[in-house]
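S.K.: I have a structure I would like to understand better, so I am pasting it below and will then ask my questions one at a time.
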Amino acid sequence: MTVKKVLLLAAALSLGFSVQAESFGDRVVCRDGLANARKVFERTRKGTVAFLGGSITEMEGYRPMVCANLQKRFPQTVFTFIPAGISSTCSSTGAFRLTRDVLSKGPVDLLFVEFAVNDDQDGHFSRETCIRGMEGIIRHARLANPKIDIVMTFFVNEAMLATYGKGAVPLTVSAHGAVAERYGVPTVNLAKEVSDEIVSGRLTWKQYGGVHPAPHGNGICARMIEELFDRVWAEPAVGPLTDYRLPMPLDEKSFFNGRLIDPQTAQSVSGWNWSEPEWRNLKGSKRATFCGFPHFWTSTPGAEATLAFTGTAFGTYLVAGPDAGWLEVSLDGQPFKRFNLFHAYSQSLHYPWTILFAETLVDGKHTAVIRFPDIPENREKAARLMAFAAN
């Protein structure tokens with residue numbers, strides 16, 4: 001752990017996040033609680049806690065505060081904390097990268113999930129897409145480990161605040177909340193808490209810190225999570241660890257079999273490269289997260305590759321910069337369909353996102369042909385794929 005992180009954790013500890021019982025009311029919902037993690041922490045004196053989300057999770061915000069709180073609660077426990085936040089990513093990308101970034105690290109006792117803001121402002125997702133992504137994460141995690149405890153947090157942006165101001169619930173909060181209700185997952189509705197505090201005059205948006213909260217805003221979230229801990233762990237932990245119920249899915253096409261596929265498994269490759277792009281020669285900002293490793297990329301019109309996969313959905317996880325072009329994809333010999341790789345945020349940034357070419361296929365074996373078509377729109381353009389995605 002770096003000196004910076006140690007100092008952040010120490011600072012979080014020094015804040016002393018003590019609150020009165022149920023001070024956040026129904027903005028903290030316990031549902032099936034956190035039946036197992038505490039038992040593991042106390043009995044084995046080891047614990048693994050993962051944080052999956054976007055930039056709010058990636059930043060040094062609520063996450064180190066929660067880590068500090070857990071270490072304070074269980075001083076004899078040696079924790080492994082898995083930071084799996086990636087800026088700009090949404091719940092669908094989270095579902096596809098869950099295995100790579102979380103489950104592959106070994107058994108996880110407690111998982112925090114955060115995607116309400118990115119599904120709103122980055123993905124502009126429909127309710128259906130929100131559910132397929134978030135249910136994909138929750139159900140996959142429980143299929144992999146029926147004893148895993150999960151907490152879902154709802155952060156907030158200005159558009160979501162405006163929705164609350166009209167007496168409605170933001171779409172992403174409603175959709176993710178439906179998944180939480182289905183699976184008995186506790187939720188921390190920071191979005192509603194911030195809205196209520198602003199309306200009452202106890203807080204301003206500036207004090208909160210904006211989409212990427214200031215320490216004060218992250219502290220509110222940390223205190224809400226501590227209250228959740230206080231509620232669900234009020235009584236001594238007794239009995240063995242138990243499996244959580246696994247209900248029928250809200251959507252059978254949700255991405256609970258989501259995975260990333262190494263592009264090197266593609267066959268009949270022509271015109272594609274497997275190497276790190278020459279970032280210094282490319283216009284647009286680059287993030288270190290997406291540099292330093294090979295991409296499956298091309299700027300050659302007519303480049304083509306074939307990939308076999310199984311499942312009901314297929315797409316790609318890519319970075320799309322100012323020069324993002326178009327791909328054409330044919331599935332199982334059907335006519336090619338064209339997809340624009342350029343994102344609204346690509347104008348000045350090499351932006352990560354997941355494009356799904358199909359998500360309601362018949363479950364089974366499929367073959368995809370992916371090509372960079374020779375069209376005017378692809379002149380001096382490129383495609384840079386980090387992985388393929390399938391469900």
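The values are calculated or read from the model by the stated rules, or taken from the named source; none is laboratory data. Source: prediction; values computed, not measured. Cβ: placed from backbone, ideal geometry, glycine included. Neighbour counts: every protein chain shown.
S.K.: I'd like the full set of residues that are under 30 Å from PRO240 (Cβ atoms), of a type outside the set (S, T, N, Q) and assigned to a loop (DSSP other than H, G, I, E, B), limited to the stretch 128-185.
M.R.: Hits for the stretch 128-185 are PRO146, LYS147, ILE148, GLY184, VAL185.
S.K.: OK, next. Answer with yes or no whether ALA178 is within 23 Å of GLU359 (Cβ to Cβ), among the small types (Gly, Ala, Ser), surrounded by 24 or more Cβ atoms within 10 Å (Cβ to Cβ) and touching a Lys or Arg at 6+ places or on another chain (Cβ under 9 Å).
M.R.: Taking the combined requirement at face value, the residue does not satisfy it.
S.K.: Is it true that some residue in the stretch 237-250 is among the small types (Gly, Ala, Ser), outside the structural domain of TYR317 (by TED's automatic domain parsing) and over 22 Å from the mean Cα position of the chain (by Cα)?
M.R.: Checked the stretch 237-250: at least one residue is among the small types (Gly, Ala, Ser), outside the structural domain of TYR317 (by TED's automatic domain parsing) and over 22 Å from the mean Cα position of the chain (by Cα).
Yes/no per residue for (1) part of a helix (DSSP H, G or I); (2) modelled with pLDDT under 95; (3) surrounded by 12 or more Cβ atoms within 10 Å (Cβ to Cβ):
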site	(1), (2), (3)
LEU203	no, no, yes
GLN207	yes, no, yes
VAL211	no, no, yes
GLY219	yes, no, yes
ALA222	yes, no, yes
GLU226	yes, no, yes
PRO249	no, no, yes
SER254	no, no, yes
VAL269	no, yes, yes
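S.K.: Would it be correct to say that ILE220 is β-branched (Val, Ile, Thr), under 26 Å from ASP109 (Cβ atoms) and either assigned by TED's automatic domain parsing to the domain that holds ALA358 or more than 18 Å from the chain's Cα centre (by Cα) (or both)?
M.R.: yes
S.K.: Scan the stretch 186-201 for residues that are over 21 Å from SER91 (Cα atoms) and either in contact with a Cys (Cβ under 8 Å, 6 or more places away or on another chain) or not in a helix (DSSP H, G or I) (or both) and report the count.
M.R.: Of the residues in that region, 1 qualify.
S.K.: Take the residues in the stretch 118-149 that are under 13 Å from LEU52 (Cα atoms) and aliphatic (A, V, I, L, M), then tell me which one is surrounded by the fewest Cβ atoms within 10 Å (Cβ to Cβ).
M.R.: ALA141
S.K.: Taking interchain pairs and intrachain pairs at least six residues apart, which have beta carbon atoms under 7 angstrom, with the first residue in the stretch 94-109 and in the same structural domain as PHE51 (by TED's automatic domain parsing) and within 25 Å of PHE74 (Cα to Cα) and the second surrounded by 14 or more Cβ atoms within 10 Å (Cβ to Cβ) and acidic (Asp, Glu)?
M.R.: ASP109/ASP149
S.K.: Which residues, taken from the stretch 35-86, are of a type in the set (Phe, Trp, Tyr) and part of a helix (DSSP H, G or I)?
M.R.: Within the stretch 35-86, PHE41, TYR62 qualify.
S.K.: Right, another one. Six or more apart or on different chains, Cβ atoms under 8 Å: show the pairs whose first residue is in the stretch 230-251 and farther than 23 Å from HIS140 by Cα and whose second is β-branched (Val, Ile, Thr) and surrounded by 15 or more Cβ atoms within 10 Å (Cβ to Cβ).
M.R.: Sorted first by the residue in the stretch 230-251, then by its partner, the pairs are ARG231/VAL28.
S.K.: Working only within the stretch 262-307, note down all residues that are in contact (Cβ under 8 Å) with a residue 60 or more places away in the chain and aliphatic (A, V, I, L, M).
M.R.: ALA266, LEU282, ALA303, ALA305, LEU307
Residue by residue, here is whether (1) aromatic (Phe, Trp, Tyr); (2) closer than 20 Å to GLY94 by Cβ; (3) in contact with a Cys (Cβ under 8 Å, 6 or more places away or on another chain); (4) in a strand (DSSP E or B) holds:
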position	(1), (2), (3), (4)
GLY315	no, yes, no, yes
GLU328	no, no, no, yes
GLY333	no, no, no, no
HIS343	no, yes, no, no
THR354	no, yes, yes, yes
LEU361	no, no, no, no
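S.K.: Hey, among the residues in the stretch 1-34 that are assigned to a helix (DSSP H, G or I) and modelled with pLDDT of 85 or more, which one's surrounded by the most Cβ atoms within 10 Å (Cβ to Cβ)?
M.R.: Per the stated criteria, the residue is ARG27.
S.K.: Considering only residues of the stretch 87-117 that are part of a helix (DSSP H, G or I) and of a type in the set (A, V, I, L, M), which is surrounded by the fewest Cβ atoms within 10 Å (Cβ to Cβ)?
M.R.: LEU103
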